[in-house]
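The values are calculated or read from the model by the stated rules, or taken from the named source; none is laboratory data. Just so you know, these numbers come straight off a predicted model, no measurement behind them. Every residue, glycine among them, receives a Cβ derived from its backbone with ideal geometry; neighbour counts consider all protein chains shown. Keep in mind that these areas ignore ligands, DNA and RNA; they rest on the heavy atoms of the full protein, side chains included. Shrake-Rupley method; radii C 1.70, N 1.55, O 1.52, S 1.80 Å.
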Amino acid sequence: MLWAAAAVVTLGFLIALEIAARHYGMPGPIVAQAQEVIIAPKSGFLLYASMALMMVVLTWKERLIAAGAAIGIDLIFLLVRWATDTKVTEGHPFGNGALWVILGCAVIAVTRRTDRERALLLKGVGLGLLLVTGRKTGDAWLLITSKARPTVLDQYVATADHALGNPSWLVGRIVTATGSIGAHFLDAVYTQLPVAAVAVTVYQLRKVAVERRFPGHHLVRTFLVIGLLGPAIYMIFPVVGPIFAYGADGGHWAVANLWPDTPPPIGTPHHMTFDEITPRNCMPSLHTAWATAIFIHSRKGPRILQFAGAFWLVATLGATLGFGYHYGADIIAGVVFTLTIEAALRSLDRGWDRSGIQLVAYGTAVFAALLVSYRYLPVEMAEHPWVFGPLLILATASVIYGYVRTTRLWEPKAAPAQQPEPQPELV
């Protein structure tokens, strides 16, 4: 019943986004995903990662068959495009095969499986489709934010960011100094974040094929909730980012061409009108939120997975700041946002108690306080950085400490090994 209810809610949400996107003259997530059955997909890597996620419910033999079928279908697509002289100008020339296999498994689940096996395979298909559909949903949300919010609050956030030392300007200069090599490396990390999430999720779900059931909580749940709630904050607190509001990418809409060489001067911030193309997708930084979720869920994996989770978090922070996509204020808001969501989902899985309610309430209060301070106290924050800077870091650190301390108490305690009773010796 829970999965059925989730499916109905998700379908209704996608239909609503489709209608909203059509209102602005663009295809919505449903049509955009359906088109990739035939046309070159936007991200072939993402489709293959989604297929890998679906295959956690399959046996090794079935996985090999599915992977072979996906590669074979992609080769057929390549041959047809070559024969018809069809050029792939956008996206990747592969990935259609992975989507066909995912849809084929859905057909097999309905027509060839029964009872629990059917439900398990449909859950696997749903998991894979949610990842690719989540990407399309995000694209639709970004379009809606650019159309529905003509004014942005970048001047407020940029002013408040003086309390943190203008980290976007600092890291931006560092990335610029590394040249094209550093920029291409960070761009690869930034754009392939879903692939890193799949790697962690596949490890978490590695026993599903044997146990024939999913664990109560895993990374995909956190990823989806972040993606659903984050755009709502975009609509409340629209921000485009320093490279647009203060850089060359903003064109004549920008305040001035200052990023990353010259931090903006402290002054009285105002709402500023911006174009209807650039997404208002900064507050909070969802890339930071997702990378934080990957880091959290990688902690229980092997050492190489822990290292990868830490690396992806650090590299994502470098990319979000170094490319001018986010302010420092967005970053710490994204961390608090993720820890609060993660605490709520874990509490939902294990059952709500006093510690879970307190942690979620505290994280929510800190997140709201951050947004309010950015909006109504930016000048005071900029003029007294040695007061407000440590306060911002302390507030974020307090949520991190509360999360770590509380979740450690939730971990099951290992039972002490019983010592054998001494036996009397025979004389």
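Taken as a whole, the stretch 148-163 holds no residue that is modelled with pLDDT under 85, aliphatic (A, V, I, L, M), touching a Leu at 6+ places or on another chain (Cβ under 7 Å) and open to solvent by less than 20 Å² (accessible area, probe 1.4 Å). Say we look at the stretch 12-31 and pick out the residues that are within 20 Å of the chain's Cα centre (by Cα) and surrounded by fewer than 20 Cβ atoms within 10 Å (Cβ to Cβ); which of these is farthest from Phe94 (Cα to Cα)? Looking at the filtered set, the residue picked out is Phe13. For the stretch 254-303, residues that are over 27 Å from Gly134 (Cα atoms), β-branched (Val, Ile, Thr) and either modelled with pLDDT under 90 or part of a loop (DSSP other than H, G, I, E, B) (or both) total 4.
For the stretch 174-192, state whether one or more residues are in contact with a Leu (Cβ under 6 Å, 6 or more places away or on another chain) and either more than 28 Å from Arg135 (Cβ to Cβ) or not in a loop (DSSP other than H, G, I, E, B) (or both). No.
Here is a yes/no grid of residues against (1) farther than 21 Å from Trp290 by Cβ; (2) at pLDDT below 95:
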site: Gly322; (1), (2): no, yes
site: Leu345; (1), (2): no, yes
site: Leu348; (1), (2): no, yes
site: Gly356; (1), (2): yes, yes
site: Ala369; (1), (2): yes, no
site: Pro385; (1), (2): yes, yes
site: Ile400; (1), (2): no, no
site: Lys413; (1), (2): yes, yes
site: Leu426; (1), (2): yes, yes
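Only a single criterion out of (1) within 22 Å of the chain's Cα centre (by Cα); (2) at pLDDT 80 or above; (3) part of a loop (DSSP other than H, G, I, E, B) is not satisfied by Leu46, namely (3). A count restricted to the stretch 362-386 and to residues that are without any contact (Cβ under 8 Å) to a residue 60 or more places away in the chain, touching a helix residue (DSSP H, G or I) at 6+ places or on another chain (Cβ under 9 Å) and of a type outside the set (Phe, Trp, Tyr) stands at 6. Being within 23 Å of Val220 (Cβ to Cβ) and touching a Phe, Trp or Tyr at 6+ places or on another chain (Cβ under 8 Å) narrows it down to one residue among Ala98, Ala16, Ala5, Ala34; which is it? Matching residue, one of Ala98, Ala16, Ala5, Ala34: Ala98.
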